[in-house]
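Notes for the one structure printed next.
Here, each number is a calculation from the coordinates, and none is a lab measurement. Here the structure is a predicted model, which is why all the values come from computation and not from measurement. Every residue, glycine among them, receives a Cβ derived from its backbone with ideal geometry; neighbour counts consider all protein chains shown.
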Amino acid sequence: MSDNSIQDLAALIDEASRVVIFTGAGISTESGIPDFRSPGGVWSKMKPIQFQDFMASQDVRRESWRRKFEGGDKIANALPNKGHLAVAKLVQSGKASHVITQNIDNLHQNSGVPETQVIELHGNATYAKCLDCGNPVDFAPLELAFTATGDVPDCEHCGGIIKSATISFGQQMPEPEMIRAEEATYGCDLFIAIGSSLVVYPAAGFPVLAKNHGAKLVILNREPTDLDGYADLVINDEIGPVLSRAVKLD
Ligand code: NAD
Ligand code: ZN
């Protein structure tokens, strides 16, 4: 780990008046949740289910619940790691205004970032939701029903289809979150992208937006990304060790 790049990151944070943190699956691998694109990541094992297929077919819905309930829920058992705690420290000290995340694991909230300052672009995998009326539903009763009958019930309020509260491929991005993320990005003078391959759009558009709007851009990721050429500072290293030193955690 280069001391120089950690000092450079600390200096950029110091000089900034308003930081926005943008995170991807890479910040949670140290908590034991695999990312999508690393070797051994989720996609080397199974193909993602497209939203249209989920809506069109009861068999596909069953397959998605089977993955959820029989696949060993890594997200439910995960704890925040040093990377999350370093980010939480930046928010709690008032340095960072928001955490825009592509993650669905709730670990930013669990690490102490207030709900109001986390913007989830791809939803949340710790609960389910009715696709029609938005009614939130706990997984526990769904899992009981699935085990007993092989299906999950429809919404008890409106009869709509229940789905994990995540945004699937092919599903529309949540508009309020997109607007909040855009506002947060326009309002920052330092944008730090952490643990994202920066290939999933529109999420990956935010670092570009920040840079085009005059903010400095830092990219912290184990491997190079397509946006490295835009960045003021690129650190290709492990997230937990770098961030905890840059923000002087403990
Ligand atoms: P990605 O898998 O495309 O990229 C993750 C990046 O993080 C990779 O480039 C990898 O090299 C890097 N990385 C992994 N561990 C690291 C570490 N310890 N230190 C430094 N770098 C590390 O993930 P993405 O860009 O977030 O996009 C994938 C989509 O998958 C997201 O939209 C998200 O919704 C979803 N996803 C979420 C989770 C989660 O919530 N934890 C997990 C898997 C996938
Ligand atoms: Zn409903």
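Using Cα-only point scatterers and the Debye equation, what is log10 of I(q)/I(0) for the chain at each q in 0.13, 0.14 Å⁻¹, rounded to two decimals? Normalising to I(0) and taking log10 leaves -0.81, -0.93.
Computed on the chain, with alpha-carbon pairs under 8 angstrom and 6+ residues apart, the relative contact order is 25 percent. For region 145-242, the share of alpha carbon pairs falling in successive 5 Å distance bins from zero is 2, 11, 17, 16, 14, 11, 7, 7, 8, 6, 1, 0 percent. Peptides 81-87, 15-21, ordered by how many other C-beta atoms sit within 10 Å of their residues on average, highest first, read 81-87, 15-21. Please state the shape class of region 185-250: rounded when a/c is under 1.5, otherwise prolate if a/b exceeds b/c and oblate if not, all from the C-alpha gyration tensor. Verdict is oblate for region 185-250. When the convex hull of its Cα atoms is viewed from all sides, region 93-160 shows a mean projected area of 5.7 nm². Can you flag which of Lys129/Lys248; Lys47/Lys248; Lys211/Lys248; Lys68/Lys95 are past 32 Å Cα-Cα? From the list (Lys129/Lys248; Lys47/Lys248; Lys211/Lys248; Lys68/Lys95), the Cα-Cα distance tops 32 Å for Lys129/Lys248; Lys47/Lys248; Lys68/Lys95.
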